Each structure stands twice: as structure tokens, then as C-alpha cells.
């Protein structure tokens with residue numbers, strides 16, 4: 001399943017390529033520019049990072065939060081047992097993500 005925000009970003013990349021295309025007519029470029037402005041506004045309204053270094057930090061923080069929540073050991077585990085549990089969960093999730101085919 002694809003992330004809707006990623007699909008909007010892919011559309012923006014396509015529109016940017018259209019604007020740079022020397023063979024595109026003025027009407028096509030005007031339509032592409034209008035669509036690009038609408039999509040950028042939609043991303044800004046949703047509060048999504050701009051796609052620069054802050055986007056990377058945002059995604060890393062979100063991933064760490066999810067990882068921390070999903071790797072909490074049961075109450076009976078503490079000390080080295082709890083640490084081993086969290087480490088095993090983290091490796092397991094990473095392995096699963098690496099095995100998933102790219103969309």
C-alpha cells in the first residue's frame with residue numbers, strides 16, 4: 001500500500017519534469033504549473049515537511065517512535081532480558097521491511 005503523501009510527491013516530480021520539457025507547449029506548461037501549485041498547497045495544508053533535510057528528520061523521528069512503541073517488553077522482562085527482547089524485535093522488523101518488494 002502506498003502512502004498518499006508519497007503519491008502526491010511523485011505527481012509533483014512528474015509535473016516538474018513536464019515544466020522542464022522543451023517540447024511541451026505553453027498551454028501544457030501553464031496547466032502543469034497550476035496543478036503543481038495546487039498539489040504543493042495540499043501538502044502544505046496537511047502539515048507535511050517540505051522534502052528537504054527536515055523531511056528526513058521527521059520520518060526518522062516517526063520511525064523511532066513506532067519502533068519504541070512496538071518493542072516495549074512485557075512487564076516481567078527487565079534488565080538484559082528486556083534489552084534483548086527489544087533488540088530482537090527491532091531486527092525482526094528490519095528484516096521484514098527489507099524482504100518486502102518495492103512498490
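Residues considered: 92, 70. Of these, the only one that is more than 18 Å from the chain's Cα centre (by Cα) and at pLDDT 80 or above is 92.
Here residue 20 clears all of (1) assigned by TED's automatic domain parsing to the domain that holds residue 87; (2) at pLDDT 70 or above except the condition numbered (1).
Restricting attention to the stretch 22-44, the residues that are in contact with a helix residue (DSSP H, G or I) (Cβ under 8 Å, 6 or more places away or on another chain) and free of Cβ contacts under 8 Å to residues at least 12 places away in the same chain total 3.
The values are calculated or read from the model by the stated rules, or taken from the named source; none is laboratory data. Computed from a predicted structure; not experimentally measured. Here the Cβ is made from the backbone with ideal geometry for all residues, glycine too, and neighbour counts use every protein chain on show.
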